[in-house]
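Heads up, the thing below is written out as structure tokens.
The values are calculated or read from the model by the stated rules, or taken from the named source; none is laboratory data. Just so we're clear, the structure is a prediction, and the values are computed from it rather than from any experiment. Note that we place each Cβ from the backbone using ideal geometry, even for glycine, and neighbour counts take in every protein chain shown.
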Amino acid sequence: MKKLNLKLMVAVVIAAVLIGACGKKDKNECTATAGSTVASDAEEAMVIKYLDSMGITTRTELNGSGMYYVIDTAGNSKRAGLCTSVTVSYKGYYRNGNVFDQATAASPATFPEISNLIEGWRRTLPLLGEGGVIRMFIPPSLGYGASGWQNPNTGLYYILPNAVLIFEMKLIAING
């Protein structure tokens, strides 16, 4: 009887360990990708037209994607990975200057993983260190695309379809 109880106890412990291990991700295991979308010529032309109209001549194109950015402050040497949580302050607006979203330094936004953000952010946030400041000029296909971002209950758009998005962002903290 004692042998049976011992075997049963060992089996329960092994089962508990196996069940406990299921679904756990090694925090170093990250298979997310930043993306490789390339904006159409028409989308890139919209971004360039805006940059030229604002006199922004010192800019960098992101790997031939049609997205442009300006790093105003590089920040420190610490860099975020795609599966890293970050805290940022930002202002997002359209080419006409209308602000559609913002998070201030007094009330910043924390995102659990960069990999869950729009492609334009996924591809540029890892370029900054903590304290870094960037301006991003994102064509629609690296933002919210032809669908935009719509409230499913009201039908109102948070982000308009086919919109070029401009973000001014400060990377406050890399969390982890």
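Laid out as a table, the results:
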| quantity | calculated |
| --- | --- |
| Looking only at region 61-90, and only at residues there that are out of contact with any Phe, Trp or Tyr (no Cβ under 7 Å at 6 or more places or on another chain) and among the charged types (D, E, K, R), the one that is nearest to R135 (Cα to Cα) | D72 |
| Conditions (1) over 22 Å from T57 (Cα atoms); (2) touching a residue at least 60 places away in the same chain (Cβ under 8 Å); (3) touching a Lys or Arg at 6+ places or on another chain (Cβ under 7 Å); number of the one not met by S141 | (3) |
| Only listed residue being aliphatic (A, V, I, L, M), over 14 Å from L171 (Cβ atoms) and touching a residue at least 60 places away in the same chain (Cβ under 8 Å), chosen from A80, A34, A105, A45 | A34 |
| Qualifying residue in region 12-31 (condition: surrounded by 11 or more Cβ atoms within 10 Å (Cβ to Cβ) and either of a type in the set (K, R) or at pLDDT below 95 (or both)) | yes |
| N153 vs. criteria out of contact with any Cys (no Cβ under 8 Å at 6 or more places or on another chain) and closer than 18 Å to T37 by Cα | no |
| Cross-chain or 6+ apart pairs with Cβ under 7 Å, region 115-137 first and among the acidic types (D, E) and surrounded by fewer than 19 Cβ atoms within 10 Å (Cβ to Cβ), then at pLDDT 95 or above and assigned to a loop (DSSP other than H, G, I, E, B) | E130/G75; E130/N76; E130/K78 |
| Selection count, region 113-124, where residues are under 15 Å from L171 (Cβ atoms) and not aromatic (F, W, Y) | 7 |
| Qualifying strands (runs of 3 or more DSSP E) (wholly inside region 27-140; at least 1 residues being touching a Pro at 6+ places or on another chain (Cβ under 9 Å) and within 20 Å of Y158 (Cα to Cα)) | 85-93 |
| Test result for G155, over 21 Å from S77 (Cβ atoms), surrounded by fewer than 21 Cβ atoms within 10 Å (Cβ to Cβ) and modelled with pLDDT under 95 | yes |
| Looking only at region 57-113, and only at residues there that are at pLDDT below 95 and of a type in the set (A, V, I, L, M, F, W, C), the one that is surrounded by the most Cβ atoms within 10 Å (Cβ to Cβ) | A80 |
